[in-house]
Structure formats: C-alpha cells, structure tokens
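Okay, structure first, notes after.
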Amino acid sequence: MNTMRAYGAAAVGLLSLAISTPVAAQTPPGSAAAYPSRPVRIVVSWAPGGASDLIARLVGARLGEQMGQQFVVDNRGGASGAIGTALAAKAPADGYTLLMGGVTELVLNPQIVKVPYDALRDFTPIGPLAFGYYVLVVHPSLPARSVKALIALAKSRPGEINYASGGNGSNLSLVAELFKSAAGVNIMHIPYKGGGPATLAVIAGEAQMIFAGLASPLPYLSSKRLVALAMTGNKRSPLLPDVPTFSESAVRGMDVGMFFALLAPAATPRGVLSRLNAEIAKLAASPDYGEQLNKLGFRPFTSSPEKFTAYMNEERGRWEKVIRTAGIKDK
C-alpha cells in the first residue's frame with residue numbers, strides 16, 4: 001500500500017512538472033511576469049548632486065523595494081544631457097536600461113543643438129515622476145538681496161554679472177535667459193556639466209548666481225552660503241516661505257517649472273512598460289514618498305504615457321518662444 005502511494009505521489013509530481021514546464025517556457029524574458037529578473041540601470045544624463053540625480057536615487061531605491069531588484073543609478077553627464085540620453089537611446093529595449101529624462105534632454109536640447117537622438121522616436125515614456133519650480137540664488141558677495149536690487153545692479157554693470165547653469169541649452173540656462181528678457185538685463189553665462197557642479201561653483205564664488213531646482217541649493221541656504229532671491233511659480237514654496245515669487249517681485253512671465261520622467265528605449269515590451277507605469281503610480285500614492293519629494297522641493301507628478309507625451313509637446317511650444325527670443329538656437 002505504501003509503495004502504491006509512493007508511486008502515486010511521484011506520478012502527480014511528474015504530471016505537475018509536465019504541465020508547468022511548457023507554461024514557464026512560454027513566458028518570454030521581456031514579459032511583465034519575468035521582469036525584472038536582474039538589476040535595472042537608470043541613466044542620469046547629469047553629474048551627481050543635481051535634481052535629476054537626487055530624484056533618480058529616491059525613485060530607484062523605492063522601485064527596488066517594490067519590485068525586488070536593484071535599480072542602479074548610472075551618471076553619464078556631459079553636453080547638456082545629450083551624452084547620457086544618447087547612451088540610453090541605443091541601449092537594448094528590454095527594460096533593463098531606463099532614462100531619467102527632464103525638460104532639457106526631452107524638450108530643449110532637440111530645439112537648440114544637433115543631438116544624437118530623437119526624443120520622440122527613440123524613447124517610449126513610462127510616466128512622469130516629479131514637478132518643481134526654480135529658485136534664483138546668489139553668492140553672498142553679490143550686493144543684492146532682492147530681485148529689484150539685482151536688476152538695478154545688473155543694469156548699472158551690464159555684462160559684468162554672471163550666472164552658472166548645467167550647460168548650454170540646459171533648462172537652468174534657459175530660465176536665466178527668460179529672466180534676462182523679462183527683466184531687460186545683460187548677464188553672462190558660465191556653463192557647467194550639470195546643476196550640481198553649477199551650484200557648487202556659485203557656493204565657491206566662481207559664479208555669482210544660478211537658477212536651480214530647490215534640491216541642490218537648499219542645504220546651503222540655511223548656512224548663509226547662498227542667498228535666495230525669488231521663486232518661479234505662482235505661489236511661495238513651503239520650504240522657503242520668506243522667499244517671494246517673481247510675480248511678487250514685479251517680474252512677469254516667470255511662471256515656469258521643471259519635470260522629471262522615466263523613459264525606456266523605443267520597442268521596449270509593452271508588458272514591461274505597463275508594469276513600470278503601475279509601480280510608479282503605486283509609488284506616487286505613498287505619502288512618505290511625497291514627503292521625501294517635498295523635502296527636495298518637488299511634488300509627485302503622474303499621468304499616462306499618452307498624456308505625458310501631449311504635455312511634452314505643449315512644453316516644446318512654450319520653450320520654442322523663449323529660445324527664439326533669446327536667439328540661442330544653434331541648428
């Protein structure tokens with residue numbers, strides 16, 4: 001009797017294996033069911049320390065917890081984000097190389113310079129992650145403690161005051177160009193390889209001012225190594241309640257912000273894209289994630305890939321006017 005039971009158990013086990021093996025064999029490596037089976041790389045097209053890098057590390061850590069695999073940030077700075085973005089565009093479309101993309105790489109660069117990628121053709125949006133505004137900060141040695149005083153100083157010393165940015169054509173440089181036009185001032189540009197290095201240059205006194213996301217300069221404002229003069233957007237930031245908006249400072253047309261999104265190379269399997277989009281939505285619904293973003297000066301920003309594509313097209317139209325007015329188109 002025991003022998004018969006043993007044979008029966010073995011038969012059931014073999015039958016289960018026979019049934020399950022074909023099903024497993026039919027699960028393709030790029031399917032949502034199998035993904036991710038190894039670490040995922042998030043390419044950041046900027047040096048460490050900037051908003052893109054900080055958000056990528058936050059999102060990568062949280063996605064790793066949710067999906068059971070490491071999400072590793074790979075900083076590939078240079079050429080105003082073009083080097084890293086091109087690298088991600090040419091990566092295998094298997095979901096294991098993603099791009100942390102922002103307004104510079106996806107909206108501005110393609111309109112200003114010849115870049116080795118097509119933001120619309122070479123990438124498929126997974127979804128946006130964060131949205132935030134810019135803060136104008138200056139080195140304490142610059143004798144201006146308000147936007148009004150800065151404008152008066154710049155007009156009395158045309159071409160002498162300089163600003164740092166993450167590179168030619170970067171969002172930080174374009175916001176400064178927008179300010180130049182709105183305020184009618186002549187200030188000079190010093191490009192760096194990312195928002196982090198540019199902010200550090202202002203702290204060191206190599207440059208005098210910068211338009212930055214809150215993430216980079218925030219730690220240096222309380223220590224008085226940097227001084228904040230104004231914020232873009234239509235209301236004050238809860239992180240800097242004493243810093244007025246540009247509209248409060250009588251400078252119109254500065255209601256602009258930045259976004260960051262996760263994208264994959266074109267032709268990435270739809271199942272993988274849908275899985276990642278669902279995980280981003282789950283992440284955005286987490287209150288503590290929102291709190292962590294708020295500490296960096298950002299808020300969660302989510303939508304479908306289709307709606308985000310439409311949003312990027314709207315941003316292209318908005319910045320095209322700024323680029324044309326500033327006369328910096330280089331194509």
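A short reminder: the numbers here are calculations on the coordinates, not readings from a lab. Source: prediction; values computed, not measured. Cβ sites come from the backbone with ideal geometry, for glycine too, and all protein chains shown count toward neighbours.
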Stokes-Einstein D (µm²/s) once Rh is taken as the Kirkwood radius of region 196-306 over alpha-carbon pairs, at 4 °C in 1.567 mPa s: 78 µm²/s
Taking the chain and counting helices only, DSSP H stretches of n ≥ 4 at -39,500 (n - 2.57) each over all residues, the nearest-500 ellipticity at 222 nm comes to -13000 deg cm²/dmol
About its Cα centre, what dipole magnitude does region 133-231 give when the only charges are +1 on Lys and Arg Cβ and -1 on Asp and Glu Cβ, stated in debye to the nearest 20? 220 debye
What ranking of TYR96, TYR289 emerges when the number of other C-beta atoms within 10 Å of each C-beta is taken as an exposure proxy, fewest first? TYR289, TYR96
Normalised contact order of the chain, rounded percent, pairs of Cα under 8 Å and 6 or more residues apart: 25 percent
Taking K and R as +1 and D and E as -1, what net charge do the other residues with C-beta under 10 Å from the C-beta of VAL107 add up to? -2
7 Å from Cα along Cα→Cβ at both SER222 and ALA267: what's the point-to-point distance in nm? 5.0 nm
Would you please give the FRET efficiency between ASN313 and VAL113, computed as 1/(1 + (r/R0)^6) with r the Cβ-Cβ distance and R0 = 25 Å, to the nearest 0.05? 0.80
Would you mind calculating the relative contact order of region 133-231 from Cα pairs under 8 angstrom and at least 6 residues apart, reporting the percent as a whole number? 45 percent
Percent antiparallel among DSSP beta bridges confined to the chain, nearest 5, equals 60 percent
Please state the relative contact order of region 32-123 as a whole percent: Cα pairs under 8 Å, 6+ residues apart? 33 percent
Long-range Cα-Cα pairs in region 133-231 (distance over 15 Å), rounded percent: 54 percent
Hey, fewest Cβ within 10 Å first, where do PHE259, PHE211 land in order? PHE259, PHE211
Using 7 Å Cα-to-Cβ label points, what is the ASP255/SER304 separation (nm, one decimal)? 2.8 nm
Phi-derived 3J(HN,Hα) across region 182-194 with the Karplus relation (6.51, -1.76, 1.60, θ = phi - 60°), rounded Hz, x for Gly and Pro, is 5, 9, x, 10, 10, 10, 9, 9, 10, x, 10, 8, x
Based on the alpha-carbon gyration tensor of region 243-331 and its eigenvalue square roots a ≥ b ≥ c, which shape applies: rounded if a/c is under 1.5, prolate if not and a/b is larger than b/c, or oblate? oblate
Taking the Cβ-Cβ separation of GLU320 and PHE131 as r and a Förster radius of 25 Å, what is the calculated FRET efficiency to the nearest 0.05? 0.80
Between ASP74 and ARG157, how high is the FRET efficiency from 1/(1 + (r/R0)^6) when r is the Cβ-Cβ distance and R₀ = 51 Å? Nearest 0.05. 0.75
Work out from phi, with θ = phi - 60° and the Karplus expression 6.51 cos²θ - 1.76 cosθ + 1.60, the ³J(HN,Hα) of each residue of region 159-166, listed in order in whole Hz, and give x for Gly and Pro. x, 9, 8, 10, 10, 9, 8, x
Extension length gain for ARG38 and ASN168 (0.36 nm per residue less Cα distance), in nm, is 43.2 nm
By the scheme Lys and Arg +1, Asp and Glu -1, what is the net charge of all other residues having a beta-carbon under 11 Å from that of SER247? +1
Convex hull around the C-alpha positions of the chain: the volume in Å³ per residue is 142 Å³
When a/c is below 1.5 the answer is rounded, else prolate if a/b is larger than b/c, else oblate, so apply that to region 53-160 with a ≥ b ≥ c taken from the square roots of the Cα gyration tensor eigenvalues. prolate
Test of understanding: ordering ILE187, ILE328 by Cβ neighbours within 10 Å, fewest first, what list do you get? ILE328, ILE187
